[in-house]
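Colleague: First the structure, then my questions, so here it is.
The values are calculated or read from the model by the stated rules, or taken from the named source; none is laboratory data. Computed from a predicted model, the values in this text were never measured in an experiment. Note: ideal-geometry Cβ built from the backbone for every residue, glycine included; neighbour counts use all protein chains shown. When the accessible area is computed, the model is the full protein with side chains, heavy atoms only, and any ligands, DNA or RNA have been set aside. Shrake-Rupley method; radii C 1.70, N 1.55, O 1.52, S 1.80 Å.
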Amino acid sequence: MATRPIRLLGDPVLRTPAAEVTSFDKELRTLVKDLADTMIEAPGVGLAAPQLGVGLRVFVYDVDDVLGHLVNPVLHFPTDEEQDGPEGCLSLPDLTFDCIRKQDVVAHGQNVYGDPVTVSGSDLLARCIQHETDHLDGVLFIDRLDAETKKAAMAAIRDAEWAQPPVVKVSPHPLFGRAR
Ligand code: NI
């Protein structure tokens with residue numbers, strides 16, 4: 001069992017689009033195992049590679065007692081039906097906000113060996129797949145909240161004990177003889 005630290009909001013890796021996986025090697029298998037171990041220990045229902053600081057398009061999920069992973073996912077939405085419900089993220093600990101997602105999703109991708117796989121899901125699995133695929137594009141669920149909910153989320157994030165203060169770069173000495 002090998003867990004790795006989960007990156008928190010404010011870490012630039014969470015805002016960086018991840019790269020397509022092209023090497024289906026031992027390193028990828030170790031990554032998927034570590035993703036699963038870290039997700040289960042957290043515990044959570046999904047975890048994407050950027051959350052462990054790895055910029056590759058792979059995530060794991062654990063929904064309805066099914067533990068799975070998906071590499072290079074491409075999502076399709078068979079219906080326009082939506083679901084509204086609570087959503088959270090291990091990179092924003094202890095916060096949940098209602099987020100609208102598509103009700104049904106079909107995800108095409110590959111498994112850890114490079115074989116093509118399709119995962120179809122509704123409800124929580126569909127929500128999880130959309131959330132984790134967003135992570136691979138540098139998108140967080142707080143980006144998808146309606147304006148009012150987002151305002152509440154930002155206030156809660158500001159007050160969260162895990163929140164990292166924003167980095168402010170200050171010039172160490174006056175520039176051109178003037179204080180700035
Ligand atoms: Ni997340």
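Colleague: Show that you can apply the helix-only estimate: for the chain, add -39,500 (n - 2.57) for every DSSP H stretch of four or more residues, divide by all residues, and state [θ] at 222 nm to the nearest 500.
Modeller: Working: 3 runs with 43 residues, N = 180.
Value at 222 nm, helices only, nearest 500: -7500 deg cm²/dmol.
Colleague: Toward the positive end of the charge dipole of segment 12-159, about the Cα centre and with charges on Cβ (Lys, Arg +1; Asp, Glu -1), which of Thr30, Cys89, His69 goes farthest?
Modeller: Final value for the positive-end residue is Thr30.
Colleague: Can you give the FRET efficiency to the nearest 0.05 for Ala19 and Thr96, using r as the Cβ-Cβ distance and R₀ = 45 Å? Please list the in-between numbers first.
Modeller: Details: r = 30 Å, r/R0 = 0.66.
That gives a FRET efficiency of 0.90.
Colleague: Of the chain, which part is the longest with no chymotrypsin sites (Phe, Trp or Tyr not before Pro) in a loop (DSSP not H, G, I, E, B) and with at most 16 other C-beta atoms within 10 angstrom? Kindly include the intermediate steps, with their values, before the conclusion.
Modeller: On the way: sites that count: Phe24, Tyr113, Trp162, Phe176.
So the longest stretch without any such site is 25-112.
Colleague: Label-point separation (nm) for Asp11 and Tyr113, each offset 7 Å from Cα along Cα-to-Cβ?
Modeller: 3.1 nm
Colleague: Hand me the trypsin sites (Lys or Arg not before Pro) from segment 50-145 located in a DSSP loop with no more than 14 other Cβ atoms within 10 Å, in residue order please. Working shown, then result.
Modeller: Numbers: sites: Arg57, Arg101, Lys102, Arg127, Arg144; in loops: Arg57.
Listed in order of number, the matching sites amount to none.
Colleague: Between Thr149 and Asp80, what FRET efficiency follows from the Cβ-Cβ distance if R0 is 25 Å, with the result rounded to 0.05?
Modeller: On the way: r = 21 Å, r/R0 = 0.86.
For Thr149 and Asp80, the calculated efficiency is 0.70.
Colleague: Can you pull the percent of segment 1-83's accessible area that's carbon plus sulfur, 1.4 Å probe, other chains left in place?
Modeller: Details: 2300 of 4350 Å².
Solvent-exposed carbon and sulfur of segment 1-83 make up 53 percent of the total.
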